[in-house]
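Just so it is clear, none of the values below were taken in a lab; they were calculated from the coordinates. From a predicted model like this one, the values you see are computed outputs, not experimental measurements. Please note: Cβ atoms are built from the backbone with ideal geometry, for glycine as well, and neighbour counts cover all protein chains shown.
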Amino acid sequence: MLCKADLLAKVLSGQKTQTRRTGQRQFTVGSIQPISHGYTKPAGYIKIIRKYRQPLCCISLKEARKEGFGSVEEFREAWRQINGGYNPDQVVDVYEFELVKKATLEV
C-alpha cells in the first residue's frame, strides 16, 4: 500500500490505523500488505482488519483521528491535496489496519 511520507510516519508510529481509498486497488480483510512511500522497499507491513464503504461526508471525528488527523477538516484538506479535490458524496473504501512489522534498517 502506497502512502505519502508524512502519513507513512504516522502508520509506523501507530497514530494512523485507518485509510480511505477510491477503489483502484482492493485489499481483503486478513491480508498482510507492505506499506511504503512510493515504489521503494516496504517500511513495514500492515494487516487489514476491517473493510467497509462510506461516503466521504460521513467521516466522524473518531475516524479522522484514526486517519492520523486532529479534525475532520484536517482530513478533508489532506484529501484535497492528495486527490486533487473533495466530493463529499464520493463513496470510498475504508480500511482499518494494524501495524504488524516495521522493516529493519540495513547497514
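Descriptive notes on the structure:
- Taking the Cα atoms of the chain, the ratio Rg/Rh between the radius of gyration and the Kirkwood radius comes to 0.95.
- Principal-axis tilt of helix 72-83 within the chain, Cα atoms, nearest 10 degrees: 70
- With loop membership from DSSP and a limit of 13 other Cβ atoms within 10 Å, the longest segment of the chain without trypsin sites (Lys or Arg not before Pro) is 26-107.
- Across Lys51/Lys101; Lys10/Lys66; Lys47/Lys102, pairs whose alpha-carbon gap is larger than 18 Å: Lys51/Lys101
- MRE, 222 nm, helices only [DSSP H, n ≥ 4, -39500 (n - 2.57), over the chain, to nearest 500]: -7000 deg cm²/dmol
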